[in-house]
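The values are calculated or read from the model by the stated rules, or taken from the named source; none is laboratory data. Quantities reported herein were computed from a predicted structural model and do not represent experimental measurements. We place every Cβ from the backbone using ideal geometry, glycine too, and count neighbours over all the protein chains shown. Only protein heavy atoms, including side chains, enter the accessible area calculation; ligands, DNA and RNA are left aside. Shrake-Rupley method; radii C 1.70, N 1.55, O 1.52, S 1.80 Å.
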Amino acid sequence: MAYAERGVSAPPEVVFNTATDPDRISSWLPEQLLSGDPAPEGDAGELRARWTARRTDWSADLTVEPVDAGGSRLRLELAGGGEDVDRLADEVLDSLAREVADNLQAG
């Protein structure tokens with residue numbers, strides 16, 4: 001299991017909505033979690049979501065928290081097989097941050 005954390009200069013609701021948007025999931029969620037229907041489970045009110053792969057032991061838990069100046073802190077818990085889970089967790093948050101930035105520029 002790996003933990004990663006990252007700040008983003010976007011409101012928490014924008015980050016969470018981007019992360020859980022079905023049209024954007026494949027842009028940031030690791031391919032190990034994209035098999036089947038990668039719809040998140042969770043609580044939008046608490047800005048928490050969980051993705052679980054149906055045929056593997058992979059899962060991702062994302063929490064988005066507000067920080068000063070209107071930004072957000074992303075906390076990811078990534079579980080799955082392999083040695084590079086720590087690196088992958090960091091890459092996943094980097095990809096999500098890029099997707100949030102693209103979403104802000106588009107809107």
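Note on the chain: Cα Rg divided by 2.2 N^0.38 Å, N the number of residues, gives 0.99.
What does a probe at Leu104 reach in segment 63-81, counting residues whose amide N is under 15 Å from the point 7 Å along Cα→Cβ? From segment 63-81, the list is 65-74. Distance between the modelled labels on Asn17 and Ser59, one decimal in nanometres: 2.9 nm (7 Å Cα→Cβ projection).
Against the chain, whose longest principal axis comes from its Cα atoms, helix 85-106 is set at around 40 degrees. Think of a 1.4 Å ball rolled over the protein heavy atoms: the chain then has 56 Å² of accessible area per residue. If you take all other residues with their beta carbon under 11 Å from the beta carbon of Ala97, and give Lys and Arg +1 and Asp and Glu -1, the sum is -3. Per-residue ellipticity at 222 nm, computed for the chain from helices alone with -39500 (n - 2.57) per DSSP H run of at least four residues, works out to -10000 deg cm²/dmol. Here the relative contact order of the chain, from alpha carbon pairs under 8 Å that lie six or more residues apart, stands at 37 percent.
The slack in the chain from Arg87 to Ser26, taken as 0.36 nm per residue of separation less the alpha-carbon distance, amounts to 20.1 nm.
Of the peptides 59-70, 90-101, the order by per-residue mean of other Cβ atoms within 10 Å, starting with the highest, comes out as 90-101, 59-70.
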